[in-house]
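Following this message is one structure expressed as structure tokens.
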Amino acid sequence: MKQHEVFESVPGILRPFKAYIDGLKLGSADQIVYYGCPGTCTPFIELLGFAIRSSPATQVFVPLTDESKAKKIVSVPDVGMQVSQEGVKVNPKVIVLMGGLSMPTTNVTADQMKAAISKYRVPIVGVCFMKMFEKTGWTKAFDFSLLIDANIAPVDVWR
């Protein structure tokens with residue numbers, strides 16, 4: 001995998017993601033399934049979901065690797081995209097792996113993630129921060145069709 005482009009800020013994460021998803025020409029029967037950590041990955045998933053809100057595909061959040069807990073991501077007027085309480089059966093047309101999954105404190109290994117998604121033969125997108133997939137070996141474990149790796153450092157705090 002070779003670096004294709006360099007962007008900045010939040011649009012630098014969202015625009016290439018939207019362009020990639022739009023290029024897949026997904027329909028209303030298709031699913032975009034995000035696997036991530038509850039809490040920390042969820043707001044980023046909702047942000048990615050907002051960027052592709054015009055897609056007819058259903059968006060789904062799977063906490064960690066537990067597809068029995070999958071929930072639809074829905075548009076909430078005047079708020080944005082939100083993970084709903086509505087459960088859904090997982091049948092992805094594209095999978096999005098969030099970098100939080102690969103963090104050592106999450107206790108999800110690349111092998112566990114591979115086993116969880118091995119039944120699907122679909123493109124895999126990776127979205128992480130601070131080279132997390134590279135640091136944990138996930139760039140070697142997965143054949144990402146698109147990898148978005150953003151930096152959030154430094155974080156300046158003023159009082």
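How large is Rg/Rh for the chain, to two decimals, with Cα atoms and a Kirkwood Rh? Could you put the intermediate results ahead of the total?
Numbers: Rg = 15.0 Å, Rh = 16.0 Å.
The Rg/Rh ratio comes out at 0.94.
Another one. Quick one: length gained pulling Gln85 to Ser118 fully straight, 0.36 nm per residue minus the C-alpha distance?
Length gained between Gln85 and Ser118: 9.3 nm.
On to the next question. Between their Cα atoms, which of Lys71/Lys131; Lys114/Lys140; Lys2/Lys114 are more than 18 Å away from each other?
Those over the limit are Lys71/Lys131; Lys2/Lys114.
What percent antiparallel are the DSSP beta bridges of the chain, to the nearest 5?
Details: 8 of 27 bridges.
Taking every DSSP beta bridge with both residues in the chain, the antiparallel ones total about 30 percent.
Hey, another quick one. Within a Cβ distance under 9 Å of Val83, other residues only, what is the Lys/Arg minus Asp/Glu net charge? Intermediate values should be presented prior to the final figure.
Details: positive: Lys71, Lys72; negative: Glu46.
Once all neighbours under 9 Å are counted, the net charge is +1.
Could you pull out the trypsin sites (Lys or Arg not before Pro) across the stretch 44-99 that fall in loop regions by DSSP (anything but H, G, I, E, B) with no more than 15 other Cβ atoms inside 10 Å?
Arg53, Lys89
Along the charge dipole of the stretch 9-150, pointing to its positive end and built from +1/-1 on Cβ of Lys, Arg, Asp and Glu, which listed residue (Val10, Val74, Ser145) has its Cα farthest out?
Ser145
Within the chain, which is the longest segment containing none of the GluC sites (Glu not before Pro) that sit in a DSSP loop and have at most 10 other Cβ atoms within 10 Å? Don't jump to the answer; show the numbers that get you there.
Numbers: sites that count: Glu5, Glu8.
Within the chain, the longest run free of exposed GluC sites (Glu not before Pro) spans 9-159.
Given charges of +1 on the Cβ of Lys and Arg and -1 on the Cβ of Asp and Glu, with all other atoms neutral, how large is the dipole of the chain about its Cα centre, in debye to the nearest 20?
300 debye
Multiplying the sequence separation of Leu47 and Ala29 by 0.36 nm and subtracting their Cα-Cα distance, what value in nm do you get?
On the way: separation 18, 0.36 × 18 = 6.48 nm, distance 2.20 nm.
Additional length available on full extension: 4.3 nm.
Would you mind telling me which residue in Pro43, Pro63, Pro104 has the biggest mean-square fluctuation in a Gaussian network model of the chain, where springs connect alpha carbons within a distance under 10 angstrom?
Highest fluctuation of the listed residues: Pro104.
Throughout, read-outs are computed from the coordinates displayed, never taken from laboratory work. Because the structure is a prediction, the values reported are computed rather than measured. Reconstructed Cβ throughout: ideal geometry from the backbone, glycine too, with neighbour counts over all protein chains shown.
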